[in-house]
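First the structure, in the form of structure tokens, and then the observations on it.
No lab work stands behind these numbers, since they all come straight from the coordinates. Everything numeric here is computed off the predicted structure, so don't read it as measured data. Cβ sites come from the backbone with ideal geometry, for glycine too, and all protein chains shown count toward neighbours.
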Amino acid sequence: MCDDYIIRTATIDDLDEIHNVESECFSKNEAATKKQFEERLTYYPTHFWLIFDDDKLIAFIDGFTTNKKDLTDEMFEDASLHDESGDWQMIFGLNTRPNYRKRGLAGKLVNHLIDNAKNENRSGVVLTCKEELISYYSRFGFVDEGISESKHGGAVWHQMRLTF
């Protein structure tokens, strides 16, 4: 059902809509701020992918690349840590507006990011997720490495890795 949607990289012109989608998808404690998204769009726009329904942003995925093997809270806060030649593609956020869920959009974005990381000869992809999403990400080949050290938003996060 999601074959009609086009994925493209983000630009600074998408900032307001990206922030709106984030606000719909995450609690205030877990959501990235508008300023954080502005920094992400400055440092790694080519690692920030969007899906639109006509001109309405409905889903996105983002994360930078780094040589650090584990995803840390500092990475969420400081986009300048992005290293374009990094071995690992991180995923900081996967967001789909609530009324567009269950259509395969998130999966399409995850597969797009994985394909991009493979094409760029990365070692793999790393993300953190809540326990209830472990089985979802396992479908893409991610392996649960257990509870991460992340304290982001006061939640318990599992680190998952897909190694190529």
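Residue 17: more than 23 Å from residue 83 (Cβ to Cβ), part of a helix (DSSP H, G or I) and touching a Pro at 6+ places or on another chain (Cβ under 9 Å), yes or no? It is false that residue 17 is more than 23 Å from residue 83 (Cβ to Cβ), part of a helix (DSSP H, G or I) and touching a Pro at 6+ places or on another chain (Cβ under 9 Å). Residues of the range 37-71 that are of a type in the set (S, T, N, Q) and surrounded by fewer than 18 Cβ atoms within 10 Å (Cβ to Cβ): 42, 46, 67. Of all the listed residues (73, 83), the sole one being within 15 Å of the chain's Cα centre (by Cα), of a type in the set (D, E, K, R) and under 22 Å from residue 162 (Cβ atoms) is 73.
Restricting attention to the range 104-144, the residues that are surrounded by 16 or more Cβ atoms within 10 Å (Cβ to Cβ) and assigned to a loop (DSSP other than H, G, I, E, B) total 3.
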